[in-house]
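Chemist: Below is a structure I'd like to ask you about.
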Amino acid sequence: MLVDDFGREVSGVRISLTDRCNFDCVYCHNEGLGDTRGPMEPSDDEMSTDDVVRFLEVVEEFGVEKVKFTGGEPMLRQDLAEIIRRTPESMESSLTTNGTFLPGRAEDLKEAGLSRVNVSQDALDPEAFAEITKSGAYDNVLEGVQAALDAGLDPVKLNMVVFEHTAGYVEEMVDHVAENPGLQLQLIEYMPELTGRPEWNIDIQRVHDWLEGKADRVEMREMHHRRRYYVGQGMVEIVDPVENEDFCANCHRVRVTHEGYLKGCLNRNDDLRPMGQMTRGEIREAYRETVANRVPYYGEYLVQDEDDEWVINEKYIGA
């Protein structure tokens with residue numbers, strides 16, 4: 001397993017299969033690339049099935065243990081089941097989706113080798129959901145969550161971005177997963193540096209404090225140094241990367257854009273590295289270079305000045 005200069009092993013990869021999506025969520029940052037979504041038809045620049053599988057076979061050589069398929073909406077790829085089926089058996093595969101296409105397909109994905117799924121669900125209220133996602137697919141998402149549970153995907157995580165539009169629904173969502181076995185909740189801190197609209201931000205520490213008092217027990221996860229709160233029959237995890245040096249110091253994944261560029265950090269686009277024509281040799285070289293050049297975003301790439309403001313570390317300016 002490759003280790004970067006900060007002692008962080010790279011044990012997982014996150015692959016965006018498309019930038020297309022049938023939702024238009026107000027907080028979308030498209031894997032840090034910004035709003036690049038175009039027509040809903042497949043484009044020539046999306047990695048092919050063979051490209052994705054070849055990349056996975058190469059990084060398996062370096063001990064990568066987990067792959068998460070994302071988008072856009074990855075289930076717009078009609079070859080998704082084939083990609084999962086051809087993923088190396090040594091890797092755990094998971095999926096992040098808005099859930100609308102899970103009914104009728106969840107069982108096939110499970111059969112192909114998918115282990116677990118994250119479904120974006122920012123509210124249990126149809127009107128609020130429609131306002132956030134610009135979609136009327138609330139019922140489809142609920143059906144998709146149930147389809148994932150029925151297919152035996154475990155766990156089924158609900159992803160909820162916590163910001164001004166959704167903060168009022170957190171308590172209801174926590175109670176929902178606490179009462180429904182098989183569901184977990186992932187509360188994701190809103191990232192104004194990627195999405196703009198800083199006025200939508202809220203203090204995520206308030207959510208931590210509230211859960212601390214509500215949880216039956218709390219544990220710390222190694223990946224990103226995340227806290228997990230066990231409430232009733234459910235588990236709630238907070239993903240809080242903003243200005244969090246611990247989070248960055250415990251990051252163990254690299255990302256791949258839908259166009260086949262390697263990315264060492266979600267927050268940066270100045271580190272995009274092409275994999276040429278996606279030959280095995282080119283993939284190996286680009287992957288080694290990406291890992292070698294990985295830098296914790298907060299605490300290294302960004303450092304605090306005398307006014308406690310985050311500024312780019314001078315040694316990376318122009319690098």
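Chemist: Scan segment 152-168 for residues that are in a strand (DSSP E or B) and either surrounded by fewer than 18 Cβ atoms within 10 Å (Cβ to Cβ) or not hydrophobic (A, V, I, L, M, F, W, C) (or both) and jot them down.
Modeler: Once the filter is applied, which keeps residues that are in a strand (DSSP E or B) and either surrounded by fewer than 18 Cβ atoms within 10 Å (Cβ to Cβ) or not hydrophobic (A, V, I, L, M, F, W, C) (or both), segment 152-168 yields 157, 159.
Chemist: Still on this structure: Here's a check for you: in segment 204-225, which residue that is of a type in the set (A, V, I, L, M) and assigned to a helix (DSSP H, G or I) is surrounded by the fewest Cβ atoms within 10 Å (Cβ to Cβ)?
Modeler: So, considering only residues that are of a type in the set (A, V, I, L, M) and assigned to a helix (DSSP H, G or I), the one surrounded by the fewest Cβ atoms within 10 Å (Cβ to Cβ) is 223.
Chemist: Report whether or not residue 62 is of a type in the set (Phe, Trp, Tyr), touching a helix residue (DSSP H, G or I) at 6+ places or on another chain (Cβ under 9 Å) and part of a loop (DSSP other than H, G, I, E, B).
Modeler: Here the answer is yes, as residue 62 does meet what is asked.
Chemist: Out of 238, 283, which single residue is in contact with a strand residue (DSSP E or B) (Cβ under 7 Å, 6 or more places away or on another chain) and among the aliphatic types (A, V, I, L, M)?
Modeler: It is 238.
Chemist: For the structure I just gave you, tell me whether residue 253 is without any contact (Cβ under 8 Å) to a residue 24 or more places away in the chain and either at positive phi or under 21 Å from the mean Cα position of the chain (by Cα) (or both).
Modeler: When the stated conditions are applied, residue 253 does not pass them.
Chemist: Next question, about the same structure. Select from segment 272-285 the residues that are crowded, with 21+ Cβ neighbours inside 10 Å and not β-branched (Val, Ile, Thr) and list them in ascending order.
Modeler: Selection gives 275 alone.
Chemist: Identify all residues within segment 226-247 that are of a type outside the set (Ser, Thr, Tyr) and either over 20 Å from the mean Cα position of the chain (by Cα) or part of a strand (DSSP E or B) (or both); write none if there are none. So that I can check it myself, show each step before the final result.
Modeler: So in segment 226-247, the residues of a type outside the set (Ser, Thr, Tyr) come out as 226-228, 231-247.
Passing the criteria: 226, 227, 228, 231, 232, 233, 234, 235, 236, 237, 238, 239.
Chemist: Scan segment 196-237 residue by residue and report those that are within 16 Å of residue 185 (Cα to Cα) and either of a type in the set (Phe, Trp, Tyr) or touching a His at 6+ places or on another chain (Cβ under 6 Å) (or both).
Modeler: Correct list: 210, 229, 230.
Where a number appears in this text, it was derived from the coordinates with a stated rule and is not lab data. Just so it is clear, the model here is predicted, and its values are computed rather than measured. Cβ: placed from backbone, ideal geometry, glycine included. Neighbour counts: every protein chain shown.
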